[in-house]
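Everything on this sheet refers to the single structure shown next.
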Amino acid sequence: MSLTELTASMCSSCGHTTVYTHSRCPNCRGVGFVEVRFKEGRVLTYTILSATRPGFGRPLILAMVEFENAVRAVGQLDGAEPRTGSRVRVSHGQLSEKEGVISTGLKFVPAD
């Protein structure tokens, strides 16, 4: 798995795709899945948090991003003023640091 790709599961029977792993397809109840990967998507919506937990930067920008096949994921948006419709790339990096413990996870950065 690459840290610049989002891995999802696509049902072999109906094509329904989700970021989360399931034992059965939530759409058709099929049991076969194919791994698909996404690198870029578009910001559907975002929120700017000014009151955050200790260890998170302020402001914290969270974005819901839509990829091909209507796959959606939420992650931290870095490096750009948020704009609905803007293209972003999948990234991975530091989300927070508290008492010397660094948490990492899904991030999005501008595609341009």
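The values are calculated or read from the model by the stated rules, or taken from the named source; none is laboratory data. Because the structure is a prediction, the values reported are computed rather than measured. Methodologically, a virtual Cβ is constructed for each residue, glycine included, from the backbone with ideal geometry; neighbour enumeration extends over all protein chains shown.
Filtered by the rule that a residue be in a loop (DSSP other than H, G, I, E, B), in contact with an Asp or Glu (Cβ under 7 Å, 6 or more places away or on another chain) and not basic (K, R), region 34-73 gives a lone residue, G55.
In region 50-70, of all residues being of a type in the set (A, V, I, L, M) and surrounded by 14 or more Cβ atoms within 10 Å (Cβ to Cβ), the one that is farthest from F108 (Cα to Cα) corresponds to L60. Taking into account only those residues within region 73-91 that are among the charged types (D, E, K, R) and at pLDDT 95 or above, which is surrounded by the most Cβ atoms within 10 Å (Cβ to Cβ)? Ranking the qualifying residues of region 73-91, first place goes to R89. What about T4, is it at pLDDT below 95 and either surrounded by 15 or more Cβ atoms within 10 Å (Cβ to Cβ) or touching a strand residue (DSSP E or B) at 6+ places or on another chain (Cβ under 9 Å) (or both)? Yes.
Exactly one residue out of R53, R29 is of a type outside the set (S, T, Y) and farther than 29 Å from S96 by Cα: that is R29. Only one of the numbered conditions (1) under 30 Å from C14 (Cα atoms); (2) in a strand (DSSP E or B) is not met by Q76, and that is (1). In summary, V31 fulfils each of the numbered conditions (1) of a type in the set (A, V, I, L, M); (2) without any contact (Cβ under 8 Å) to a residue 60 or more places away in the chain; (3) part of a strand (DSSP E or B) with the single exception of condition (3).
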